[in-house]
Amino acid sequence: MLPAFDNEQFLTQIAELRPKGTFNSYLLSLTALMNGYDLLFYRSQKEANTNISHFPAEVAHPVFFSVKSGKKLTHFSSSRDEADSLKAHRISTNKSLLKAFLAKAGINVPYGGAATLSDLTILTKMKQANVDRVSVKPIAGKGSRGVSLNQTLEEAEQIIRTNPNDVFMVEQMIRGAEFRVTASKTDAISAQMIVPPHIIGDGQSTIFELIEREEAARKRNPTFMNKLLDREQVLHAISLQGWQANTVLKKDKILRLSTDGLPNRAFRVPVLDRLPTAIKDIAKQTVQLIGGSICGLDILTDRAGVPYILDIDAISGMWFECFPYPTGEWNLDVPEYILKKNFKKHRGPRRQILSYDYKALREELLRDGRTTRGVNPADFVVFG
């Protein structure tokens, strides 16, 4: 039975979890406790009596822990286990090398390459290939920060010249549907279609009233409690479309609240049950190629339904995967899969969790003078 994630204690605590690795650890350990595993959190590898090269030596958040079932014990850092591949992390962190590697292996990626102020060769090649609209992404960036979409080659060059110390990926702009897929080498585990934030008219409410309802709904979802709409940007986007805030929106009329096309604050609609086979296949093939375990992949399909790999996160995410929006269909599918993948013979008791005080766990983990070897998260849980 899933915890009551609409409970105020869960809702607030999840929304406050930072960074992403802490959020992953929270949900993975919560799922393990629900399924009867034995867990211990550690402050350092020395305390855990381990020496795992791709894990931090010491932590400032509860992200390093062990999970035990019977005689088998596996260490995790965030959602990454001790046997995970270093190759996947190294290749996925360099967007330019990643795209070249995938293209050479026959995986569809948008045409493009790296560009700097001293090397604008890719822009020339794109012009020769009759590519006229591009996206420009900082190679060192994460998510959609610093991304500019639907730029001309001249606009792309200006962006690069304005940021002379940065390296950018300039890629062919492909119009279509965007998906976030979590996959292993053998399975597609979770999938959401990324839909620009919007409101739908009811024939009675003004645009402003519908925006207020959207904001209220976001406050009830932990992934959006701290990702509310920027009111000024929303009203600007509406005005660009020729609408006024006091206009009553006709029934079933859809009005976008963003005009830049970026996925920040976008709806994440679960679509795994109807995800095309071509998207599942390219996701699994990509994880196999980079030697990954369970990865998050940004995939775009063009208007003909052909999928392209946009980006890869070698550490599987759980934020939107477990709390998609706006459907509210909360789940623990990704952490459940990770545990089953690592502990195929586990047969523990299923337990209901009423509360999980992760803040108190962190305080005990980092407490000066603690002499225990590890901290048991079950001590900070109220079971049903």
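Could you check how much of the accessible area of the chain is carbon and sulfur, as a whole percent, using a 1.4 Å probe?
Ligands and nucleic acids excluded, carbon and sulfur reach 49 percent.
Taking Rh as the Kirkwood radius computed over C-alpha pairs, what is the Stokes-Einstein D of the stretch 331-384 at 4 °C in a medium of viscosity 1.567 mPa s, expressed in µm² per second?
96 µm²/s
So what does log10 I(q)/I(0) come out to for the stretch 1-107 at q = 0.12 Å⁻¹, using the Debye formula with one equal point on every Cα and no solvent?
With no solvent term, the Cα-only Debye profile gives -0.55.
Between Rg and the Kirkwood Rh of the chain, both from Cα atoms, what is the Rg to Rh ratio?
Answer for the chain: 0.99.
Using the Kirkwood radius over Cα pairs, work out the Stokes-Einstein diffusion coefficient for the stretch 203-323 at 37 °C and 0.692 mPa s, in µm²/s as a whole number.
D, rounded to a whole number, is 192 µm²/s.
Test of understanding: in a Gaussian network model of the chain with alpha carbons linked when under 10 Å, which of Ile309, Ile238, Ile294 would top the mean-square fluctuation ranking?
Ile238
Rounded to whole Å and sorted largest first, what semi-axes of the equivalent ellipsoid does the C-alpha gyration tensor of the stretch 53-184 yield via the square root of 5 times each eigenvalue?
37, 17, 13
Taking only Cα atoms and a 10 Å spring cutoff, compute GNM fluctuations for the chain and point out the largest among Val63, Val167, Val306.
Evaluated over the chain, the most mobile residue of the options is Val306.
So how strong a dipole does the chain carry about its Cα centre when Lys and Arg Cβ are +1 and Asp and Glu Cβ are -1, to the nearest 20 debye?
The dipole magnitude comes to about 1040 debye.
Nearest 0.05, what FRET efficiency do Arg90 and Gln244 give at R0 = 45 Å with Cβ-Cβ as r?
With a Förster radius of 45 Å, E is 0.30.
Between the stretch 202-268 and the stretch 178-195, what's the alpha-carbon centroid distance in Å?
Taking the Cα centre of each part, the stretch 202-268 and the stretch 178-195 sit 26 Å apart.
Under a straight-distance cross-link criterion of Cα-Cα below 21 Å, which lysines are reachable from Lys127, leaving out those fewer than 8 residues away in the same chain?
Reachable lysines: Lys99, Lys137.
For the peptides 156-163, 316-323, 51-58, what is the packing order when you average, over each peptide's residues, the other Cβ atoms within 10 Å and list the highest mean first?
Going by the mean number of other Cβ atoms within 10 Å, highest first, we get 316-323, 156-163, 51-58.
Viscosity 0.692 mPa s, temperature 37 °C: Stokes-Einstein D of the stretch 1-61 from its Kirkwood Cα radius, in µm² per second?
245 µm²/s
Of Lys46/Lys95; Lys20/Lys95; Lys125/Lys185; Lys20/Lys68; Lys95/Lys344, which pairs sit farther than 31 Å apart, going by alpha carbon to alpha carbon?
Result: Lys46/Lys95; Lys125/Lys185; Lys95/Lys344 exceed 31 Å.
For the stretch 333-384, report the accessible area per residue in Å² (1.4 Å probe, heavy atoms, rounded to an integer).
Computed with neighbouring chains in place, this is 61 Å² per residue.
Check the straight Cα-Cα distances from Lys284 and name the aspartates and glutamates below 15 Å, setting aside those fewer than 8 residues away within the same chain.
List returned: Asp187, Asp298, Asp311, Asp313.
How far is the Cα center of the stretch 335-384 from the Cα center of the stretch 114-169, in Å?
Each part reduced to its Cα centre gives a spacing of 45 Å.
The values are calculated or read from the model by the stated rules, or taken from the named source; none is laboratory data. Just so we're clear, the structure is a prediction, and the values are computed from it rather than from any experiment. In this analysis, Cβ positions are derived from the backbone assuming ideal geometry, glycine residues included, and neighbour counts consider all displayed protein chains. The accessibility values were calculated without ligands, DNA or RNA, using every heavy atom of the protein model including side chains. Shrake-Rupley method; radii C 1.70, N 1.55, O 1.52, S 1.80 Å.
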